[in-house]
1. For residue 175 and residue 252 in the same chain, what is the full-extension length gain: residue separation times 0.36 nm, less their Cα-Cα distance, in nm?
2. Just to be sure I understand the model, the point goes 7 Å from the Cα along the line to the Cβ. What's the resulting residue 42 to residue 140 distance in nm?
3. Could you bin all the Cα-Cα distances of segment 206-304 into 5 Å bins starting at 0 and give me the percent of pairs in each, rounded to whole numbers?
4. Diagonalise the Cα gyration tensor of segment 1-135 and give the resulting equivalent ellipsoid semi-axes, square root of 5 times each eigenvalue, largest first, whole Å.
5. Residue 163 versus residue 70, label points 7 Å from Cα toward the beta carbon: distance in nm?
6. Hey, what did segment 143-259 get for relative contact order, percent, Cα under 8 Å, at least 6 apart?
7. So for segment 67-137, averaging the separation of alpha carbon pairs under 8 Å that are six or more residues apart and normalising by length, what relative contact order in percent results?
8. With a Cα-only, solvent-free Debye model of segment 208-251, what are the log10 I(q)/I(0) values at q = 0.14, 0.31 Å⁻¹?
């Protein structure tokens, strides 16, 4: 069994010179127990481990002192240098503290042919640091405060296999998977209007960056958007909705993530490919714009073709996906019902081919004559792959050439060195 630990005392004065805000101990302790090591023909190693500790976080752009910054341009009236107040003083700020509990299992099977780990973690954060909306008459629309608590719980899985191993060919695969459940358990938020819930991502009571939506009731006989209250009543104005009438649509932060890496090597050729996956999160889909300024085809800028699919005559409201009728200078309380409808929520999950690289390593016999350790030429590309529903964001590719030459007398930093 192996025990380890660390202790750190930070005397930062970012939160003032009062000792009660300094000397915060940050520490961690862990145990590792090797259950088996070469005791079985097929099991090379099996170990379990556990750690617990306390981490801290501070905000460097705020504290007990007022922070000013110089403007890059001179004053318009006096043509002299000027500065502005970047953040106001706040003597009540405290450390953001995170308690971390972690358990893991590591294993090695068949003499390294199959290696992996399984890890569970729980993180509880107190005194979250964040910006809170304030009375703008004090000179600031928001101030930095300690305003909440949050936890993150999840699992990490890593598996590496050596699929084929011969004299000239080797194929390895590495798979990573992560699931994280995030929830804000206690958070003080001063902005509690329906418009704030709909127009900005929310960090309260649910996972961070949550989306809230209107219970959409479709269009009426005049092409105006409608919404349901929680009791099933139909309204045509967002001002008649309460926060309880909205629905939670999900988080914009993916709770699931993973990657799959394949590495194939044949003699001096090597092919590397990495796929990544992010899933379980949501987004507002692309919809037709609400025509509130001019009728169709009278705009002087480019528009989405979906703008042509709007209500024009009675009966159009029965067509699925029909956008509202043209309404000059429509109130935001009307357009908000359509723009933030729950029918416009889509999955944001996607799979991406992050990198694919083909490289060639020059023979070592040739390099030794030139006093070089390693030289490789590689061509790689990055591109977007498959997204779910409307979450496809297109594709991009990038080709690049690189040559890495290392001299045996110097560390492997990837820099170029001239031959002496």
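Since every read-out is calculated from the coordinates, none of them should be taken as a lab result. Just so we're clear, the structure is a prediction, and the values are computed from it rather than from any experiment. Glycine also receives a Cβ, built like all others from the backbone with ideal geometry; neighbour counts cover every protein chain displayed.
1. 25.3 nm
2. In this crude label model, residue 42 to residue 140 measures out at 6.3 nm.
3. So the P(r) values, bin by bin, are 2, 9, 12, 11, 12, 12, 11, 8, 6, 5, 4, 3, 3, 1, 0.
4. On the way: eigenvalues 496, 71, 31 Å².
Semi-axes from the Cα gyration tensor: 50, 19, 12 Å.
5. Going from the residue 163 label point to the residue 70 one covers 5.9 nm.
6. Working: 211 pairs, mean separation 27.9, N = 117.
Dividing the mean separation by the residue count of segment 143-259 yields 24 percent.
7. Details: 79 pairs, mean separation 17.5, N = 71.
Relative contact order for segment 67-137 comes out at 25 percent.
8. Here the Debye-derived log intensity ratios amount to -0.34, -1.09.
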